[in-house]
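The values are calculated or read from the model by the stated rules, or taken from the named source; none is laboratory data. These numbers were taken from a predicted model, which means no experiment stands behind them. Every residue, glycine among them, receives a Cβ derived from its backbone with ideal geometry; neighbour counts consider all protein chains shown.
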Amino acid sequence: DLTQMTYGLSRDDAGRFMSTYVQKGVFREDPFHVLDTDGVGELLKLGAERGRAARPGITLSICGEHGGNPESIAFCREAGFDYVSCSPFRVPVARLAAAQLAINHKMGDQKSSLAQMLWKWRGRGRK
């Protein structure tokens, strides 16, 4: 919903023109599939900072398509969100992404290459 309100676009209607917007460089990726960290992500960070300042124990999360996207999950971890929620068919990828991020964090490597590996794999025509 925040993505829809930020851009004044309906998720239901965007499918008809979003690929053209991406091709023309209006968006780097479809913001309904991959969290736009520069736009909506900044709003999420601002909300998280203010929320935690006002109520330190607050639980923060996102849900929907972004909750199952490895890049968005990495953003949420970095921004200090407590959990993500996604549709059932996205749970395996989300769990794998979260596990990889946790392992990399534990090992001291803050930047996960999981999202890059998944996008390279997907880019070879596999979905």
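Just a few scattered comments:
- Pair list, Cβ under 7 Å, 6 or more apart: the range 61-84 residue free of Cβ contacts under 8 Å to residues at least 40 places away in the same chain, other residue in a helix (DSSP H, G or I) and of a type in the set (Lys, Arg): GLY68/ARG90; ALA79/LYS45
- Among residues of the range 60-78, those that are in contact with a Ser or Thr (Cβ under 7 Å, 6 or more places away or on another chain), more than 14 Å from THR3 (Cβ to Cβ) and crowded, with 17+ Cβ neighbours inside 10 Å, counted: 2
- Failed condition for PHE81, given (1) surrounded by 15 or more Cβ atoms within 10 Å (Cβ to Cβ); (2) touching an Asp or Glu at 6+ places or on another chain (Cβ under 9 Å): (2)
- The helices (runs of 4 or more DSSP H) found entirely in the range 1-112 that carry 1 or more residues being in contact with a strand residue (DSSP E or B) (Cβ under 8 Å, 6 or more places away or on another chain) are 40-54, 70-79, 91-106.
- Exactly one residue among LEU44, LEU35 is in contact with a Cys (Cβ under 9 Å, 6 or more places away or on another chain), modelled with pLDDT of 95 or more and surrounded by 14 or more Cβ atoms within 10 Å (Cβ to Cβ), and that residue is LEU44.
- Single condition THR59 does not satisfy, out of (1) closer than 23 Å to LYS106 by Cβ; (2) polar (S, T, N, Q); (3) under 11 Å from the mean Cα position of the chain (by Cα): (3)
- Some residue of the range 5-12 being in contact with a helix residue (DSSP H, G or I) (Cβ under 6 Å, 6 or more places away or on another chain), within 30 Å of ASN104 (Cβ to Cβ) and surrounded by 17 or more Cβ atoms within 10 Å (Cβ to Cβ): no
- There is no residue in the range 115-123 that is at pLDDT below 95, out of contact with any His (no Cβ under 6 Å at 6 or more places or on another chain) and part of a loop (DSSP other than H, G, I, E, B).
- Check on THR3, of a type in the set (Ser, Thr, Tyr) and in contact (Cβ under 8 Å) with a residue 12 or more places away in the chain: yes
- Any hit, the range 89-110, residues being touching a His at 6+ places or on another chain (Cβ under 9 Å) and either modelled with pLDDT under 90 or under 29 Å from GLY57 (Cβ atoms) (or both): no
- Near pairs, Cβ below 8 angstrom, 6+ apart or cross-chain, from the range 46-59 (within 18 Å of THR6 (Cβ to Cβ)) to any residue that is part of a helix (DSSP H, G or I) and at pLDDT below 95: ALA48/ALA79
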